[in-house]
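Worksheet for the structure shown next.
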Amino acid sequence: MCGPPVFPPTRPHTGAFDVIGVFQLITAIKGFRVRRAAAVAVTTGAMLVTGALTAAPAQAVTTPTITAKGGFLMNSATGTTLFNKAADTKRLTASTTKIMTAKVVLSQSNLNLDAKVTIKKEVSNYIVSKGASSANLIVGDKVTVRQLLYGMMLKSGCDAAMSLADKFGTGTTVNARVKSFIGKMNTMAKSLGMTNTHFDSFDGISNGSNYSTPRDLTKVARSAMKNSTFKTVVKTKYYTAKTITSSGSTRTMATWKNTNLLLGWNGTLGVKTGSGTEAKYCLVFAATLNGESVIGAVLTAPDEASRTTDVKKLINYGYAKIS
């Protein structure tokens, strides 16, 4: 920085106002100020350049805590793990099992979604004996495969699930066909790398050996969500089926409401709820917002409200981690 201003030599005082001297004084002072301002500007510019070259550290995203005993979250686009809590511990899955039921159905070759299935008495007997959740299908009615998928995934109808298992299993009896279908579920699980999963039912009502993990359920959900029919079904909030009665008339069923009340929240697209006395509260979920997609699962949450809070935390956390 320059030194103080240098003034011109003092001229003899004449008693009159010395205009020239004053002008020179002002000019010298202004010159000092301009040079000083320029120096400050250069220094400030250097600071700005330095700041531009040194990026501020990214703010860390706090990992959430969840009440569910198991949880998993994945970037559905890349498959990258975003959150893991006992993600490989085997647990009861309740009705989230129906994701695999739908996956197997939709993987059938030459599938006709409009093919009609007659609801059998064995299905009604099963619902009564198990006290199972139901889409209230009527024995003797003809229901399409597509409608059964909606009844199973929205209303969580075990009658719809059993009707699909009976339709797409092989054998000469209902029991044989259902057993065959469950075998297909386990074969599909192996093909998807679900190494900690085994199914012994088509609907999640365990016969002692129906279990999976948050990571494995996320794997099957991610695969299933690539199917346009599955994706359309699970993001639907309400669906009204028109079935054909045994006399040939049309029956308009009571509207099925999706049990997944998170649909539409912050980009939530699905996938399936589950609950039971031992399984507690479960949810496999998927969400997409502003081009960011997450998918995951929580198992064994203590209650429905806690399950909802857990999933909201994970979805928000996932978006923050990806962005």
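Odds and ends about this structure:
- Fewest-first sequence of VAL271, VAL145, VAL294 by Cβ atoms within 10 Å of each Cβ: VAL145, VAL294, VAL271
- Ordering of 75-81, 194-200, 244-250 by burial proxy (mean other Cβ atoms within 10 Å per residue, highest first): 194-200, 75-81, 244-250
- Other residues within the sphere of radius under 11 Å centred on the Cβ of SER95, judged by their own Cβ, net out at +2 (K and R +1, D and E -1).
- Pairs from LYS85/LYS257; LYS226/LYS257; LYS121/LYS179; LYS130/LYS155; LYS190/LYS237 whose Cα-Cα separation, in the structure shown, is over 28 Å: LYS85/LYS257; LYS190/LYS237
- Relative contact order (%) - criterion: Cα under 8 Å, at least six apart; region: region 67-177: 20 percent
- For region 158-241: rounded, prolate or oblate by the Cα gyration tensor [a/c cutoff 1.5]: oblate
- Among 108-115, 218-225, sorting by the average number of other beta carbon atoms lying within 10 angstrom of each residue, highest first, gives 218-225, 108-115.
- Computed from point charges on the beta carbon alone (+1 for Lys and Arg, -1 for Asp and Glu), the dipole magnitude for region 272-323 about its Cα centre is near 100 Debye.
- Cβ crowding within 10 Å averaged over residues, with 178-187, 275-284 ranked highest first: 275-284, 178-187
- Put a dot 7 Å past the Cα of LYS231, heading toward its Cβ, do the same for SER249, and the two dots end up 4.1 nm apart.
- Amide hydrogen neighbours beyond the local backbone of THR197, cut-off 5 Å, H modeled: none
- Rounded to the nearest 20 debye, the dipole size of region 70-322 about its Cα centre is 340 debye, using +1 on the Cβ of Lys and Arg and -1 on the Cβ of Asp and Glu.
- Prolate/oblate/rounded call for region 161-300, Cα gyration tensor, a/c under 1.5 rounded: oblate
A short reminder: the numbers here are calculations on the coordinates, not readings from a lab. Treat the numbers as computed from the prediction; the structure is a model and nothing was measured. Reconstructed Cβ throughout: ideal geometry from the backbone, glycine too, with neighbour counts over all protein chains shown.
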